[in-house]
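The values are calculated or read from the model by the stated rules, or taken from the named source; none is laboratory data. Being a predicted model, the structure only gives us computed values, none of them experimental. All Cβ positions, even for glycine, are placed from backbone atoms using ideal geometry, and neighbour counts span all protein chains on display.
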Amino acid sequence: MEPVDTDVTGPENHDGGPRGGEAPSGKDASGKNAAAGQAQVPTLGEMLLAVEELWPESLAENWDEVGLVAGHPSAPVTRVMFAVDPTLEVIEEAVEWGAELLITHHPLLLKGVTSVAATTPKGRAVHRLIESGTALLTVHTNGDSAVGGVSDVLADALGLQDAAPLTVAANGLPEEGIGRVGDLPEAMSLGDFAARVFGILPSVAGGVRVSGDKDGLVRRIAVCGGAGDSLFNEVRASNADVYVTADLRHHPASEAREAAHNGRPYLIDVSHFASEWLWLPAAAAALGNVLADQGHDVEIQVSTTNSDPWDFILTPG
Ligand SMILES: [Zn+2]
């Protein structure tokens, strides 16, 4: 994906420039549509309807918590920021920019809480949001599963054709679900493919780790943005030559390599943050288009905060 809109910037990619989102129908990601004429400021409630159109809550996994975390549905929204994590730094960035709505991929409150006192980081986050009048909305596994979701965008950025879900959504269409598997137009070496993966992701300290023969040819590619080590059975069943995902721990990775046939699937382990960050410009553009079609005037930006928790890495040599 190439930068096309200055409203949508984020961590630099490995090619050096700020990353940007593509606006599929030619409108820009800010949601401004020159033809709209009398654009109107939507309420938060109207924003929720637009979000539901793109990433229905029914697509979320049953363990997940998605939807509105803080905010008044009647409040007007003129600025929306997208981010991966609802960290205090990200919330501060949204507040300083004047966003009335922050949409994050990861939930702030996934587990039950008995207090939101400002004595913990999550409590401080809740206070900052409410005191600044900034709503928070989570689009998590519903954003993973949807067409145009996290893994779809990753598959697209890698140039995969005919990408289909690794697991079809229980409550969705056949093209909705977790992970994607598709084919490169031509086979390439694992080394070259890993370089392609490295090139499309934002720069993070952890880089990209690869398990497999650098010269081995790969064409069928499975991907899962975020942590995907629960999908090895589906990856094997898909006959993928390589699996790109994040957070691969020793035992699942080691066991998957032991179970490999002809060395495949090879593994490419990337940053959880980076693999999901790719979705943000696409999500911003998609929401901008829906809002513009509805005659709403909203500015949309992608957070420039790098919330990958790792800062540097030591490697031999
Ligand atoms: Zn994630």
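Some values worked out for this structure:
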| quantity | calculated |
| --- | --- |
| Members of the range 297-312 found to be more than 16 Å from the ligand (Cβ to nearest atom), at pLDDT 95 or above and not hydrophobic (A, V, I, L, M, F, W, C), listed by number | E299, Q301, T304, D311 |
| Restricting the range 260-269 to residues that are in contact with a Gly (Cβ under 8 Å, 6 or more places away or on another chain) and part of a strand (DSSP E or B), the residue that is farthest from the ligand (Cβ to nearest atom) | R264 |
| Of the criteria (1) farther than 19 Å from L287 by Cα; (2) away from the ligand (no atom under 16 Å from the Cβ), which one A94 fails | (1) |
| Complete set of residues in the range 272-294 that are within 16 Å of the ligand (Cβ to nearest atom) and in a helix (DSSP H, G or I) | H272, F273, A274, S275, E276, W277, W279, L280, A282, A283 |
| Selection status of V168, touching a Gly at 6+ places or on another chain (Cβ under 7 Å) and without any contact (Cβ under 8 Å) to a residue 12 or more places away in the chain | yes |
| Residue list for the range 149-163, filter: of a type outside the set (A, V, I, L, M, F, W, C) and either within 16 Å of the ligand (Cβ to nearest atom) or in the same structural domain as R79 (by TED's automatic domain parsing) (or both) | G149, S151, D152 |
| Residue ranges of strands (runs of 3 or more DSSP E) in the range 140-238 with at least 3 members more than 18 Å from the chain's Cα centre (by Cα) and among the aliphatic types (A, V, I, L, M) | 177-189, 217-227 |
| Search result, residues across the range 124-144 that are within 16 Å of the ligand (Cβ to nearest atom) and not aliphatic (A, V, I, L, M) | T138, H140, T141, N142, G143, D144 |
| Matching entry among L59, L49, L68 (being of a type outside the set (D, E) and within 16 Å of the ligand (Cβ to nearest atom)) | L59 |
| Residue match in the range 99-110 (condition: within 16 Å of the ligand (Cβ to nearest atom), farther than 16 Å from M47 by Cα, surrounded by fewer than 18 Cβ atoms within 10 Å (Cβ to Cβ) and outside the structural domain of D241 (by TED's automatic domain parsing)) | yes |
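Quick grid of which residues meet (1) away from the ligand (no atom under 16 Å from the Cβ); (2) surrounded by fewer than 20 Cβ atoms within 10 Å (Cβ to Cβ):
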| residue | (1), (2) |
| --- | --- |
| F198 | yes, yes |
| V208 | yes, yes |
| D215 | yes, yes |
| V218 | yes, no |
| I221 | yes, no |
| C224 | no, no |
| D241 | yes, no |
| D247 | no, yes |
| E258 | yes, yes |
